[in-house]
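The values are calculated or read from the model by the stated rules, or taken from the named source; none is laboratory data. These numbers come from a predicted model, not from an experiment. All Cβ positions, glycine included, derive from the backbone under ideal geometry; neighbour counts span all protein chains shown. Surface areas here come from the heavy atoms of the whole protein model, side chains and all, with no ligands, DNA or RNA. Shrake-Rupley method; radii C 1.70, N 1.55, O 1.52, S 1.80 Å.
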Number of protein chains: 2
Amino acid sequence: MSNPVLVEVLRGTRVESSHRGAIAIADAAGAAVLATGDVATPRFPRSAVKALQAMALVETGAADRYGLGDEELALACASHSGEPGHVAVVERMLARAGLDASALCCGTHWPISQEAAAAAARMGGASALHNNCSGKHAGFLCLACAMGIEHAGYWRPEHLVQRAVRSMLEDFTGAVLGEDRRAIDGCSVPTWAVPLENLARGFAKFGTGHGLSRERANAAARLRAACANKPWHVAGTGRFCTGIMQIFGSRVFVKTGAEGVYCGALPDEGLGIAIKCDDGASRAAQAIMAALIGRFLPMNDIERAALSTYIGPVLRNWNGFEVGVLRVTDALHPGYVTRKAPSP
Amino acid sequence: MSNPVLVEVLRGTRVESSHRGAIAIADAAGAAVLATGDVATPRFPRSAVKALQAMALVETGAADRYGLGDEELALACASHSGEPGHVAVVERMLARAGLDASALCCGTHWPISQEAAAAAARMGGASALHNNCSGKHAGFLCLACAMGIEHAGYWRPEHLVQRAVRSMLEDFTGAVLGEDRRAIDGCSVPTWAVPLENLARGFAKFGTGHGLSRERANAAARLRAACANKPWHVAGTGRFCTGIMQIFGSRVFVKTGAEGVYCGALPDEGLGIAIKCDDGASRAAQAIMAALIGRFLPMNDIERAALSTYIGPVLRNWNGFEVGVLRVTDALHPGYVTRKAPSP
């Protein structure tokens, strides 16, 4: 069965493009709150689970050993834009573990931010530090060094660091991650396919600590606080994750993943959210996430006005002319919910 | 009814993302050769009709007046990557009409080519010359100057240049382009919604000259020859349109448009092709176009091997590791065809 069309892209008054997808929302007890489309097939969450990939860094004491604060922990959870401030924090993390950029195995790409890319070009080019995953990789390296194990090969599935990540993902999501669930991510670490309904449960636990050991719940709370306090470090200037967490602070955790994935948590509501657009479109996954936040999180008028620009963004061309708009469809409206949403 | 899934993106052995879309192939007499999905709803072709938008430049004699050769005419049909060689030709076109970059109203964006963007950053930044549409706009400006009319406002729907474009699109496609079909393109000129079946007929005419006046058929042949002779000028280094026309020369004309559109012609086969991916994904539209060329164009083994890398491209990550592959689905296989394809 097809997933429903969740987002339409209008040019003028006509639908130019449309995006299908699936949504799971769960509470920390594991109960489904919303299930739209296919939430049972394993999907690759990609970078949307970076916070879970960073859990062992905190829980093992590695973060304390190297004195990592909010900026460093937010970077460990980040898909950053490669701006100078991001690069500086990654370098600092590596230095704390006695390493430098040569230890990073994420590969090189130009910064996501075009301004940052232009700056990098003027400075001689891009490096692995500019890779959007360099903070996560610096976190993996800090973990390996604190564990006193060889850090080379930290990205391989058989390395203790990646085995710890796999085990953490299983504990949070309840999914059994056999070898058939594994593929290679853009930055070369394993990515594990997990059904959206399990990802939603995992992020409900991450947002609330329910169902986790005390140490694990404390580590999750520390990562959430780091991202809430330093949202610019989780993404960057003008980015969705940054903008949303700047509006709502610790009341919302959101994280993008490649190929149209978003995961998030509304801690005070006890909810975890997982979204995947069939076609891999981030623009659609963002609008869906914003619409779900607008529906399930109580907020004031100022917050609602700020959020609305993410739910139905106006599309402008290179001259700044308004050419169209994104809109979420009725498939996101009541009727699809299995538990009543709170009154706005 | 939903359009079928035409392309799947695999990570490891799992489908990570999928793309739906519609395809129309027609002959120059207007007969449908293939119709997959919804080919009747008007869709914005965007830059895929740049060759038709450039027709008046040649047919009116403006191209001759300013001595425009293959490079300039290919640029007038191009969505170029903003490489130095592209910018130089656009500057030359403008100079022939006594203008400079300040006359361009396409807006500014960083070059599509990341190498070219880095080069532009080192040279002080991007300009309207780097906009992928600057060649088309230079063509519009040459047309206005040759017509002896005010060139300012050449991008507005009421300007004679855009009225000529609209009339040309109607003649080729047979679609009636009322005001309800108009929206604003990324470069600010009008984009007119046309059903895929009409676009396919239009490109069958463009590829063969059948059903056109002698002057119009000659102008179409000249634009096709310019693109076949100078395929790098139509797109750029590593780009699909360039690569395909480098392989097949004058036997294939292809042109990308934003939001997952491709138009093309197989002149010797008498066929026109129009593709639109529902979600706007170029990666999918490219694979579909390559698969259709592989099916409908007779070719030798060397050509077939070169084409295969476009039909099923291997996906690599930032370290160059193979992480997945794109594949076209059975919806592109026989059974959907209304006229028998030639034997391979």
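In the set A:77, A:106, only one residue is closer than 22 Å to residue B:321 by Cβ and buried (at least 22 other Cβ atoms within 10 Å of the Cβ); that residue is A:106. Screening residue B:304 on (1) assigned to a helix (DSSP H, G or I); (2) crowded, with 23+ Cβ neighbours inside 10 Å; (3) away from chain A (no Cβ under 14 Å) shows it passes everything except condition (2). Being away from chain B (no Cβ under 14 Å), in contact (Cβ under 8 Å) with a residue 24 or more places away in the chain, within 26 Å of residue A:171 (Cα to Cα) and outside any helix (DSSP H, G or I) is the requirement here; does residue A:74 meet it? Answer is no for this residue.
Of the candidates A:216, A:222, the single residue that is in contact with an Asp or Glu (Cβ under 8 Å, 6 or more places away or on another chain) and either surrounded by fewer than 23 Cβ atoms within 10 Å (Cβ to Cβ) or among the hydrophobic types (A, V, I, L, M, F, W, C) (or both) is A:216. Residues that are of a type in the set (S, T, N, Q) and part of a helix (DSSP H, G or I) within the range B:281-301 comprise B:282, B:286, listed in sequence order. Total residues in the range B:10-21 satisfying the condition of being in a strand (DSSP E or B) and either within 7 Å of chain A (Cβ to nearest Cβ) or among the hydroxyl-bearing types (Ser, Thr, Tyr) (or both): the figure is 6. Of A:117, A:62, A:126, A:32, all but one fail to be closer than 24 Å to residue A:147 by Cβ and touching a helix residue (DSSP H, G or I) at 6+ places or on another chain (Cβ under 8 Å); the exception is A:62. Would you mind stating whether residue A:26 is open to solvent by less than 10 Å² (accessible area, probe 1.4 Å), among the small types (Gly, Ala, Ser) and more than 11 Å from every other protein chain (Cβ to nearest Cβ)? Yes, satisfied. Filtering the range B:307-323 to residues that are more than 14 Å from chain A (Cβ to nearest Cβ) and either part of a strand (DSSP E or B) or closer than 19 Å to residue B:36 by Cα (or both) leaves only B:311.
Residues in the range A:120-129 that are open to solvent by 30 Å² or more (accessible area, probe 1.4 Å), within 11 Å of another protein chain (Cβ to nearest Cβ) and in contact (Cβ under 8 Å) with a residue 12 or more places away in the chain: A:126 only. Could you please let me know if residue B:275 is out of contact with any Lys or Arg (no Cβ under 6 Å at 6 or more places or on another chain), open to solvent by less than 10 Å² (accessible area, probe 1.4 Å), at pLDDT 95 or above and within 14 Å of chain A (Cβ to nearest Cβ)? Yes.
Taking the range A:85-118 as the range and being in contact (Cβ under 8 Å) with a residue 12 or more places away in the chain, within 21 Å of residue A:70 (Cβ to Cβ) and part of a helix (DSSP H, G or I) as the test, the residues that pass are A:85, A:86, A:87, A:89, A:90, A:91, A:92, A:93, A:94, A:96. Just one of (1) in contact (Cβ under 8 Å) with a residue 12 or more places away in the chain; (2) surrounded by fewer than 21 Cβ atoms within 10 Å (Cβ to Cβ); (3) in a helix (DSSP H, G or I) fails for residue A:52. It is (2).
Looking across the range B:182-213 at every residue that is away from chain A (no Cβ under 14 Å) and hydroxyl-bearing (Ser, Thr, Tyr), the one that is surrounded by the fewest Cβ atoms within 10 Å (Cβ to Cβ) is identified as B:213.
Count of the range B:29-43 residues, restricted to those that are more than 8 Å from chain A (Cβ to nearest Cβ) and part of a strand (DSSP E or B), is 5. The residue pairs whose first member lies in the range A:27-49 and is small (Gly, Ala, Ser), whose second member is in a helix (DSSP H, G or I), and whose beta carbons are closer than 7 Å, counting only pairs six or more residues apart or on different chains, are A:28/A:204; A:28/A:205; A:28/A:208; A:30/A:201; A:32/A:197; A:35/A:197; A:40/A:197.
Filtering A:96, A:46 for residues that are within 14 Å of another protein chain (Cβ to nearest Cβ), open to solvent by 10 Å² or more (accessible area, probe 1.4 Å) and not hydrophobic (A, V, I, L, M, F, W, C) leaves a single hit, A:46. Checked against the criteria, residue B:49 counts as under 20 Å from the mean Cα position of the chain (by Cα) and not acidic (Asp, Glu).
Residue-wise test of (1) within 30 Å of residue A:328 (Cβ to Cβ); (2) within 14 Å of chain A (Cβ to nearest Cβ).
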{"position": "B:237", "(1), (2)": "no, no"}
{"position": "B:242", "(1), (2)": "no, no"}
{"position": "B:269", "(1), (2)": "no, no"}
{"position": "B:287", "(1), (2)": "yes, yes"}
{"position": "B:325", "(1), (2)": "no, yes"}
